[in-house]
Amino acid sequence: MTSLDRIGVQAEPLYGNVTPILYEVAHALDRLLEQAEPTIIDLASLPFAPGELSQLEGVLGTGEIAAELDALGASHIRETAFPGVWWLEHHNTAGEVVGRYLEITRTPQILMSQDADISAGRARLVDQLEGESPDSTNGAGTSAQT
Amino acid sequence: MDLLELARGPVIQIAVYVLLIGSLWRLLGILFLQQKPDFSEPRQAGGLRGALKVIWTRAFTAPVFKKATVYSKVLAYTLHIGLFVTIFFFVPHIVFFTDVFGVSWPGLPNNVIFLVGVITVGVALALLIRRITHPVLRLISNFDDYFSWFVTILPVVTGLIMPIRFGVRFETLLAIHIFSVALLLVWLPFSKLAHTFLVFVSRGTTGAILERRGAKT
Amino acid sequence: MKTTPTLGQVLQARGVSRRGFLKYCATTASLLALPPTMVPRIAAALENARRPSVIWLSFQECTGCTESLTRSASPTLEGLIFDSISLDYHHTLQAASGEAAEAARHAAMEENMGSYLVLVDGSIPLGNPGFSTIAGISNYDMLMDTVAGAAAVVAIGSCASFGGIPGAYPNPTGAVSVRDLVTDKPIINVPGCPPIPMVITAVLAQFLTFNQLPELDKLGRPKAFFGQTIHDRCYRRPFYEQGLFAESFDDEGARKGWCLYKLGCKGPITYNACATVKWNQGTSFPIESGHPCLGCSEPDFWDGGGFYKPVSTGDFGSGAALAGAAAAGVALGVAAAAVSRRRQAKTIKEG
Amino acid sequence: MSTSELDVKNAFDMESKRLSIKAPEIRYDKQGDTPDEERVQKAMLHFVKDFGTAAAAYLDSCIHCGMCAEACHYYVATGDPKYTPIWKLEPFKQAYKREASPFAFFYRKFGLKKKVTVEELEEWQHLIYDSCTVCGRCSLICPMGIDIASLVSTARHGMFKAGLVPHELHAVAERAEIDGSPLGVTPKVFEERLEWMEDEHDVEINLNKDKADILVVISSIEIQKYPAAFAATAKVLNAVGESWTYRSDGFEATNFGLLSGNLDWQRDISMRIIDAAVKVGAKMVLLPECGHAYMALRWMGANMYGKPLPFKVRHVSEYLADVLNSGKLKVKKVDKSVTFHDPCQISRRGGATQAPRDILKHLGVDLRELPNGGDYNWCCGGGGGVVTIHRADELRYKVFKLKMDQVEATEAETLLSSCANCRQNFDDCQNHYDWKYTADSLLELVADNLQEEKA
């Protein structure tokens, strides 16, 4: 699409790293169903040829759920076309990717509301109910999110 | 200096010097012995022609001896071809030779080399077993035979281990491989492995003498 | 000694949510090459971790290592390093200079005696102290003075780890590595020219998380990152196994992305994590852009005999030496034959 | 030393020495009373004294593959590994390594090779003499091209100097040196036998002519056992119309100096013929049906003489083939099936394999080649002086079975050879086994079937 594509070095379509990962995912799904044991695959620890990551992403496809998380930078979390297989991508505040994971689980841990956050939220709510003005609580809530 | 540097530097250098000095020493120590003229009336031209003829023809077995020697010959040929292929057609080796001699040639895929290497080791084991069990070979074998066997097969084994690793660092394995090659180079001129060059002298000598007589070579 | 807040407290004060913290922990696990199942333990440890004081010394260096670190794609420098460590001295980054800066260094040393980390980039010249000085203090004196009260020293980059370019032949400044000088403190070498930024942060993260130093190889490098060769983890490895090699930088093999072994790739003897961690926010690593690995994280890589010389090649010395050896062989052979012939003649004479 | 002093020491015990070799029930012979140490020293030094490039290359390039065993009739017939041809040189390797090899200095300095004992040499007497006919078959199987037969001959030089030769062989060699014939055929006996044959066969046999183109020699075996050879030779030469003669001062073709390993005697014996030939101005010396005589004069004669011989040397079969091919001699057709036993020294080692086949073609016989015959023929088992060594008889008979199988496989009516020594061995073994084949003379078959020139 750009002149970059005409540079001599091109990616061969297949180096063979994608298929083994897909097998690993299939086994992880077995474990999830039979033992309710989730698996996380750290994609950063695996060697990928140019194009293979997007190839893997393409094979896994897009499923029904996609979530955005905004904590210390954005995170994209979505279920792939294979239910139970989640694609997680963490970015830092500069927008750079800092981690890519495949999570084979029912719901990724990070989507769950965390006890610490729940209790902090509850405290805020109680404070609010105990007669603070709505304006000031609003501001506190905003600051906690960034 | 780490192990690999040692192997690639002084060790292989000294080994090559020893190989060179030892081989020439042995070869010339033989060639410069007395060579009495043969005054008998020749039946036909012998000399170089006969020498070259036998150097070539003795690579093959006379039909009458085929049955008796087929087992050892097949093994021996496989061993030699296996060594030749693994030494000269493994790409990293070719790269090495290119660096030394400046010429390059196409190599074979690593898995082919690996397979050939495994076959070579297998055949060498079969030959060793034969040497130990066959009454004739057991009788005539000495330290040179067994140690030369070991020294020859060691580089093949250390080479084969490299892709398997067994958790050892690549450098260490490469260094060990080079050490084993150095051992081979150092041992070669002083042992029966010198047949790599002496075979030409002994076959050639017989060829020159017998061809001159018109005798069977 | 003042009590420093725990990391948990720092993050909380900054209003970072638990999710953000978990995300940070996952990234840390990834950094430390720990399995994702370790995240809860990391979280527990980090919550209670106290920010260590860090003093960064720069000697004969090019600032490439600092550049590398400040471009770290891990949790950003401001997000991780400055939050989780207390960088008390870094003469390139800090605002203070001259005596004020040196005063900050001494203050940090005194406050954290025995527990601070010293990060060093650049090699130390022993030839003449005047080759490299900071605030009039020679590199050697500053290093020895600073490490005296340190918990550990992290040598960042090949210069600090092994001598690097300044230490390459002919080494005009008499440059040496930190390991050559410091013998009584734990030293972690993070070589590379520059080192992979994630590795630097990972070492800090491990120190921070578990208050311990990573497991090291014999060259003092964290095994988690330097345990395997580039060759081991290279995506082009299948081509090596099939014997498919690029012969030049513009042939078909090069275009098809075949193995660069023949073009001098030092991957087989270079221990580093480039092939998996990659560079530039995980974009790629040199082999991916078609250039062989130079082996920059290995000792003396500048003097290794040529970047484009394949690794299996040996050195047979000069042609003259070989010719000499040949001449010696010839002489010995002829002499041996002569002696034998004399002995034979004697036998014949004596009958 | 004298042959009468048969210094027969008892057979020595080998059982305690070498696990792999069975102790043979044979005695070992020693000549003279040289101390053992000196015997060993002499054997070693005289083995290597003539070592040139060829022998050195041979001993240095052996890879111990053991294939030579498969070519040796002694190994094949017995299955005993000690008969492996190269093993027969084993103690002599030490001599080579210490005295003449490129690294001899180190071998001497550090004693790298185990010292040879006189007991070993005695044991090897059996391997060097009793069980090697120097037939050279092993030389053809060796992948390194080592001529093992020539090494055995060289080893005999050492053994002779050490006085470790089987007595009978030593005795016949000494007699040949002193009397001019291994079988005591003095010139007087020679002349008597010649004249007897002249009468018996009514043929003119030239003797002691001053000048002749061809000097004819004969082997003592023929003189004593197959005297018809006199007549057969004369008939042929007369028919061709050659100028030829026998000489009383140079009639003996055999050379037991060569077989026993005494180089000086070998030279003396060869020089008798050479001197006689030079004296009569011969253009050719015609050798009789004797294998080692061919090797001794045809291929070694000039080297004994020290310069090229002023005459050609031909075996009678070569001569016959020549005159038959050129039409100078004509023969009648013979209607029978024939197989031919090639004498090792003439065919395989000497290169004259084609000649007898040409002759047989002219005779028109049904030639049935021995299986694996010709250049790869099994030795008769009596060559190299072995037939003279009585203690080797049993082994010789055993080995001869190979020959019997080979001959029987052809189902030919007649067995021919062109070596009196082979024929002698065939006769002896025929007697031992009560075998149906007799080895006949090729020369006599030709002589008996000459086409009369004028009706």
- request: May I ask you to sort D:Ile359, C:Ile55 by Cβ crowding, counting other Cβ atoms within 10 Å and putting the fewest first?
  value: C:Ile55, D:Ile359
- request: Would you kindly derive the ³J(HN,Hα) couplings of the range C:114-119 from the backbone phi angles with the Karplus curve 6.51 cos²θ - 1.76 cosθ + 1.60 (θ = phi - 60°), listing them in order in whole Hz, with x for Gly and Pro?
  value: x, 10, 7, 9, 10, 9
query: Add -39500 (n - 2.57) for each DSSP H run of 4 or more in chain D, then divide by its residues: what number comes out at 222 nm, to the nearest 500 deg cm²/dmol?
result: -13500 deg cm²/dmol
- line: Here the net charge surrounding C:His231, from other residues whose Cβ is less than 10 Å away from its Cβ (Lys, Arg +1; Asp, Glu -1), is +3
query: Dipole size in debye (nearest 20) for the range A:11-110 around its Cα centre, Lys and Arg Cβ +1, Asp and Glu Cβ -1?
result: 40
- prompt: If r is the Cβ-Cβ distance from A:Asp30 to B:Val118 and R0 is 45 Å, what FRET efficiency results, to the nearest 0.05?
  reply: 0.80
statement: Pseudo-spin-label distance C:Thr63 to B:Phe166, built 7 Å along Cα→Cβ, given in nm, is 5.1
task: Evaluate the distance, in nm, between pseudo-label points positioned 7 Å from the Cα of D:Ser243 and of D:Tyr433 along their respective Cα→Cβ axes.
output: 4.8
query: What percent does the relative contact order of chain C come to when contacts are Cα pairs within less than 8 Å and at least six residues apart?
result: 14
query: Can you list the residues, at least 5 places off or on another chain, whose amide H is less than 5 Å from the amide H of D:Leu287, using H built in the peptide plane?
result: D:Arg314, D:His315, D:Val316
field: Long-range amide H partners of C:Leu216 with built H, under 5 Å
entry: C:Lys223
- request: Could you work out which residue, out of C:Ser289, C:Ser86, C:Ser297, moves most in a Gaussian network model of chain C, that is, has the largest mean-square fluctuation with Cα springs under 10 Å?
  value: C:Ser289
message: From the phi angles alone, apply the Karplus equation (6.51, -1.76, 1.60; θ = phi - 60°) to the range D:335-345 and give each ³J(HN,Hα) in whole Hz, x where the residue is Gly or Pro.
response: 9, 7, 8, 9, 10, 10, 9, 6, x, 3, 6
message: As a footprinting exposure proxy, order D:Met300, D:Met284, D:Met159 by other Cβ within 10 Å, with the fewest listed first.
response: D:Met284, D:Met300, D:Met159
task: Note down the net charge around D:Ala234, summing +1 for each Lys or Arg and -1 for each Asp or Glu among other residues with Cβ under 11 Å from its Cβ.
output: -3
- prompt: Which of B:Leu174, B:Pro10, B:Phe197 sits closest to the plus end of the dipole of the range B:3-213, meaning its Cα is farthest towards the positive end, when Lys and Arg get +1 and Asp and Glu get -1 on the C-beta?
  reply: B:Phe197
- prompt: Quick one: if you stick a label point 7 Å off each Cα along the C-beta vector at A:Ala74 and C:Ala321, how many nm between them?
  reply: 6.2
Dipole magnitude of the range D:364-416, debye to nearest 20 (Cβ charges: Lys/Arg +1, Asp/Glu -1, about Cα centre): 360
task: Work out the length of the dipole vector of the range D:146-185 about its Cα centre, built from +1 on the beta-carbon of each Lys and Arg and -1 on the beta-carbon of each Asp and Glu, and round it to the nearest 20 debye.
output: 120
- prompt: Roughly how crowded by other chains is peptide C:323-329, in terms of the mean Cβ count from those chains within 10 Å of each of its Cβ atoms?
  reply: 6
statement: Given pairs D:Lys88/D:Lys398; C:Lys346/D:Lys211; D:Lys97/D:Lys403 and cut-off 31 Å on Cα-Cα distance, the over-length ones are C:Lys346/D:Lys211; D:Lys97/D:Lys403
query: Which angle from 0 to 90°, rounded to the nearest 10, does the C-alpha axis of helix C:319-350 make with the longest principal axis of chain C?
result: 40
- request: Please average, across the residues of A:91-104, the number of beta carbons from any other chain that are within 10 Å of each residue's own beta carbon, and give a whole number.
  value: 6
message: List the residues, sorted by chain then number, that are 5 or more residues from D:Tyr246 or on another chain and whose placed amide H is less than 5 Å from its amide H.
response: D:Asn206, D:Leu207, D:Asn208, D:Lys209, D:Val216
- prompt: Percent relative contact order of chain D, based on C-alpha pairs within less than 8 angstrom and at least six residues apart?
  reply: 15
statement: Scanning chain C, every Cys lacking a C-beta partner under 4.7 angstrom -> C:Cys25, C:Cys62, C:Cys65, C:Cys159, C:Cys234, C:Cys259, C:Cys265, C:Cys274, C:Cys293
Calculated FRET efficiency for the pair C:Gln94/B:Phe150, C-beta based, R₀ 60 Å, to 0.05: 0.40
task: Give the order of D:Ser248, C:Ser30 when sorted by the count of other beta carbons within 10 angstrom, beginning with the fewest.
output: D:Ser248, C:Ser30
message: Show me the ranking of peptides C:130-138, B:183-191 by mean Cβ neighbours inside 10 Å, starting with the highest.
response: B:183-191, C:130-138
query: So what J values fall out for the range D:102-116 if you push phi through Karplus, 6.51 cos²θ - 1.76 cosθ + 1.60 with θ = phi - 60°, rounded to Hz, Gly and Pro as x?
result: x, 9, 3, 3, 5, 4, 5, 5, 10, x, 5, 10, 4, 5, 7
query: Once you measure Cβ to Cβ distances between cysteines in chain D, which Cys have no partner under 4.7 Å?
result: D:Cys62, D:Cys65, D:Cys72, D:Cys132, D:Cys142, D:Cys290, D:Cys429
statement: Taking the alpha-carbon centre of each part, the distance from the range D:258-321 to the range D:366-421 in Å is 25
- prompt: For the range C:230-303, what is the relative contact order in percent, using Cα pairs closer than 8 Å and at least 6 residues apart in sequence?
  reply: 31
query: For peptide B:127-134, how many partner chain Cβ atoms fall within 10 Å of a residue's Cβ, on average?
result: 1
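Quick note: the coordinates plus some simple rules give every number you see, no bench work behind them. The model shown is predicted, which means the values in this text are computed figures rather than measured ones. Positions of Cβ are generated from backbone atoms using ideal geometry, with glycine treated the same way; all protein chains shown enter the neighbour counts.
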